[in-house]
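Beneath this line is the structure, given in structure tokens, with notes to follow.
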Amino acid sequence: MVSRRIILMSLCCLILLAAPARAGQALLMQGMEAQKAGRHEQALKLLNQYIEKYPQVGDAWYYRALALQSLNRDQDALASVDKALVDNPGNIKYLMAKGAILAKLERRPEAILIFSQVMKCDPRNPEACKERGDCLAQEGQFTEAIADLDRAARLNPVDPWVFNKRGLAWFCQGDYKKAVDDFSTAIRLKPDLALSYFFRGNIYRHHLKEQDKAIADYQEGCRLGSPLCCQELEKMGVTPAKK
């Protein structure tokens, strides 16, 4: 029969072993919360401390990558997300982060491959469709880009950025009516999307020769804080609307 003393000693050992794990988990959670709250330097410090003790935890490397990316340390961010992927090569969240970092580094062919990998695993992932479409458009592959962005729009018809990106693709192909329609949809979904006012204003001004509509778009974009729209008004000799 096991003695009471041995049982108590075993329980004490389990408690002592569990304490560092709980402390480590708290450190990880603090780092994650700091990153989500935009305190990226603090997040990096906390996550580095955690990784020193628990280098095998993918989420620690992932959130560290997000913090580094927000600090514009993109090469370090890429190395960090690659660490997350070592033991989790099919993790959609990690792959999406890697694709975004590669796109930011203008390594778009590599980003396209990553987003394609996500779409193969998860064909109904609207973010992967949208981001691959954007990369394809920037590589000049407009037919493929619009196919991806059409798919993203079907999967997530309330994402204004899908329509903003597709509007740019239509614009680059010279289809100004479809571009205006997409920028208008983006604005309807997100009335404070200043970039869409700027792009739509440019089409009105330079291609459709509708100066009043162009001025109205630039006025609204400038009111929303877009320096690009304010600059266009200055070029036209128009006083920005009061905020």
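Just so you know, all these numbers are worked out from the coordinates, no wet-lab data involved. Given the structure is predicted, the values throughout are model-derived calculations rather than measurements. A quick note on method: Cβ atoms are made from the backbone with ideal geometry, for glycine too, and the neighbour counts reach across all protein chains shown.
Taking only alpha carbon atoms, the range 119-243 gives an Rg to Rh ratio of 1.03, where Rh is the Kirkwood radius. Evaluated with a Cβ-only charge set (Lys, Arg +1; Asp, Glu -1), the range 41-120 carries a dipole of roughly 140 debye about its Cα centre, given to the nearest 20.
Taking label positions 7 Å along the Cα-Cβ direction at both Glu41 and Arg188, the computed distance is 4.5 nm, reported to one decimal.
One chain, two ends: Lys213 and Asn48. Fully extended at 0.36 nm per residue, the span grows by 54.2 nm beyond their Cα-Cα distance. Here r is the Cβ-Cβ distance between Lys178 and Cys121 and R0 is 45 Å; the resulting FRET efficiency, rounded to 0.05, is 0.90.
Computed from the C-beta positions of Leu113 and Asn156, the FRET efficiency with R₀ = 22 Å rounds to 0.45.
Its Kirkwood hydrodynamic radius, worked out from the mean inverse distance over all distinct Cα pairs, puts the chain at 20.9 Å. Taken along its principal axes, the alpha carbon cloud of the range 41-120 reaches lengths of 34, 25, 13 Å, longest axis first.
Each of Ala26 and Gln56 was given a label point 7 Å from its Cα along the Cα-to-Cβ line. The distance between the two points is 2.4 nm. Of all lysines in the structure, those lying under 17 Å Cα to Cα from Lys98, and not within fewer than 8 positions of it along the same chain, are Lys83, Lys120, Lys130.
So which GluC sites (Glu not before Pro) in the range 80-184 end up in coil per DSSP with only 15 or fewer other C-beta atoms within 10 Å?
Loop-located and lightly packed - Glu106, Glu139.
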